[in-house]
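Worksheet: one structure, shown below.
The values are calculated or read from the model by the stated rules, or taken from the named source; none is laboratory data. Here the structure is a predicted model, which is why all the values come from computation and not from measurement. Here the Cβ positions follow ideal geometry from the backbone for every residue, glycine too, while neighbour counts run over all protein chains shown.
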Amino acid sequence: MTTTQLPSYEIYAIRYATRDGMRRNHFIGGDPHDAPMPMDYYVWLIRGEGRLFVVDTGFGAEVAKKRGRTLLRTPAEGLALLDVDVAKVEEVIITHLHYDHVGTFDSFPVAQFHLQDDEMAYATGRHMRHRQFNHGYEVDEVVGMVRMVYKDRVRFHKGDTELASGISLHRIGGHTQGLQCVRVHTQRGWVVLASDTSHFYEHFEKKRVFTTVFNVGEVIDGYDTLHQLADSPSHIVPGHDPLVMQRYPAAAGLEGIAVRLDVAPLA
Ligand SMILES: [Zn+2]
């Protein structure tokens with residue numbers, strides 16, 4: 001199938017939380033020009049062709065308080081602004097099981113959760129004995145996702161998978177062992193939702209590595225994969241960069257809340 005025959009989907013980034021931070025918080029090796037570098041938190045929506053996928057489920061008020069993050073709106077509230085009722089969403093892609101990506105999964109009562117084998121193995125395996133690797137997880141959420149397995153609500157994937165024509169998942173690893181990105185065909189070509197395979201633009205642009213990491217080699221190799229999957233560097237959407245809100249046009253009536261990623265960036 002040529003790309004012109006592929007379906008094109010709309011993609012939205014919905015900003016649901018934010019935090020202050022310094023450059024040294026975000027790069028292994030720190031930074032000689034340490035300066036403020038705030039971080040935003042997003043969930044994403046893919047829709048079109050009668051299909052609808054939510055990518056990640058963020059976190060809620062309780063975890064925001066516990067971890068000192070500023071919750072702007074719950075992911076469900078953000079999605080509702082785009083006319084999505086989380087009670088009816090059937091397909092949710094979980095890029096990885098960190099607290100800021102899986103936190104409100106239980107507000108999706110009928111969803112199937114798409115997850116990499118490696119992520120469940122990692123989040124329930126030997127490395128979680130160590131604070132170095134477990135600090136990004138909330139154990140109750142990991143246990144909750146295990147319960148979803150027992151209810152046959154987890155769709156496991158191993159490596160690369162096509163979920164629908166024009167939508168595929170790609171295991172990258174690195175930041176966590178089973179982290180996956182999402183490739184989506186749009187009116188402007190192939191867009192890649194990098195999630196935490198690249199927290200900020202600077203990570204993939206300068207081949208630098210975020211401070212929370214399992215396998216540095218896979219992080220850096222992952223940047224090559226992002227470039228291969230995306231039509232151009234401006235088709236790669238990092239997982240936590242506030243610049244995403246500046247570079248893309250706002251969804252209708254949702255300035256500062258949601259942007260369209262399936263249309264060309266403004267700059
Ligand atoms: Zn994250």
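Which is away from the ligand (no atom under 14 Å from the Cβ), on the phi < 0 side of the Ramachandran plot, in contact (Cβ under 8 Å) with a residue 40 or more places away in the chain and surrounded by 14 or more Cβ atoms within 10 Å (Cβ to Cβ), of Thr212, Thr225?
Answer to the check: Thr225.
Looking only at segment 124-145, which residues are assigned to a helix (DSSP H, G or I) and in contact (Cβ under 8 Å) with a residue 24 or more places away in the chain?
His127, Phe133, Glu141, Val142, Gly144, Met145, listed by residue number.
Taking segment 113-138, which residues are touching a strand residue (DSSP E or B) at 6+ places or on another chain (Cβ under 6 Å) and either over 16 Å from Asp56 (Cβ atoms) or modelled with pLDDT under 95 (or both)?
Selection gives Asp117 alone.
For Asp40, indicate whether it is touching a Lys or Arg at 6+ places or on another chain (Cβ under 7 Å) and either surrounded by fewer than 13 Cβ atoms within 10 Å (Cβ to Cβ) or of a type in the set (Asp, Glu) (or both).
yes
Kindly indicate whether any position in segment 176-183 is out of contact with any Leu (no Cβ under 9 Å at 6 or more places or on another chain) and closer than 25 Å to Gly68 by Cα.
Checked segment 176-183: at least one residue is out of contact with any Leu (no Cβ under 9 Å at 6 or more places or on another chain) and closer than 25 Å to Gly68 by Cα.
Does Thr104 count as within 16 Å of the ligand (Cβ to nearest atom) and either in contact (Cβ under 8 Å) with a residue 12 or more places away in the chain or touching a strand residue (DSSP E or B) at 6+ places or on another chain (Cβ under 6 Å) (or both)?
It is true that Thr104 is within 16 Å of the ligand (Cβ to nearest atom) and either in contact (Cβ under 8 Å) with a residue 12 or more places away in the chain or touching a strand residue (DSSP E or B) at 6+ places or on another chain (Cβ under 6 Å) (or both).
Among the residues of segment 65-88, is there at least one that is within 20 Å of Gly166 (Cβ to Cβ), among the aliphatic types (A, V, I, L, M) and under 12 Å from the mean Cα position of the chain (by Cα)?
Scanning segment 65-88, I find no residue that is within 20 Å of Gly166 (Cβ to Cβ), among the aliphatic types (A, V, I, L, M) and under 12 Å from the mean Cα position of the chain (by Cα), so the answer is no.
For segment 99-113, how many residues meet the condition of being under 18 Å from Asp152 (Cα atoms) and either outside any strand (DSSP E or B) or in contact with a His (Cβ under 6 Å, 6 or more places away or on another chain) (or both)?
Residues that pass the stated criteria total 8.
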